[in-house]
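Heads up: the structure comes next, in structure tokens.
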Amino acid sequence: MNDENTLNLMDYVGIVIKRKKLIILITLLAVIVAAVISFFVMKPVYEAQTSIIVGKPQASANSAANASSNYTDVMMYQSLIKTYVEIAQSKLVAQKALDGLNSDMTLNQLQKSITVTPQTGTQILIIKAQSGDPKDAMDIINAVSDAFIYQSKSVFPTGGDIQIMDKADMPKAPVKPNKKLYIAIAFFLGLMVSVGIAFLLETLDNTIKTESDVEKYLGLPIIGMIPKSQDNRS
């Protein structure tokens, strides 16, 4: 037998139905706030990217007598990729790219807008640039990739043969904010919070409303009921 203070499934359903207006109101408010922030407050961010392949170093390609090396080809490429990632993220490349751009960005802002990611198990680097304007994102990534290739050959002439595989295209849609995701999250959070508030209010409400509440809260049997009079005369 269940304890008298234990709520069963029907009690939970009853509370939800009873507080449905509150639940709907809070959930709807959360969705509206998320939509307003996503569409009107948060600025769109566009992302352009290019892919660069790192080929075999000239010294290795032209000479088979490389037996004195302590590294395998795999280790050599891993080392090359790490080196080129650091070069791509350097101030040297950022400044060279900035010099070729008609932009009021600072060096720090340009560096923060760039991400360089090596593709695992390949000789490919992916360079991405983000900006509030799609054309700026494309221009930045093209300037950075050109500066990267130029500076790499300058500071690391014995390195690999690097080439651009795919030039950046102008992005058609922003990558941030993800409006649908934010609204969905707001809906579920609003629903959870509103249901929690509904159960909290029901727990704090110890007033007697029905005959069953008399037995539940006072532990007294019901011996009679006084029907509500339909006669409004005094």
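Every read-out reported here was derived from the displayed coordinates using simple, explicitly stated rules and does not represent laboratory data. Just so it is clear, the structure is predicted and the values come from calculations on it, not from any experiment.
What to note about this one:
- Amide hydrogen proximity for Ile162: with H placed 1.01 Å from N in the peptide plane, the residues at 5 or more positions away or on another chain lying under 5 Å are Gly55.
- Scanning residues 5 or more positions from Tyr46 or on other chains, those with amide H under 5 Å from its amide H are Ser131, Gly132, Asp133, Val175, with H placed 1.01 Å from N in the peptide plane.
- Per-selection Rg to Rh, the range 89-132 - Cα, Kirkwood hydrodynamic radius: 1.03
- Straightening the chain between Leu200 and Lys91 buys 33.6 nm, computed as 0.36 nm per residue apart minus the Cα-Cα spacing.
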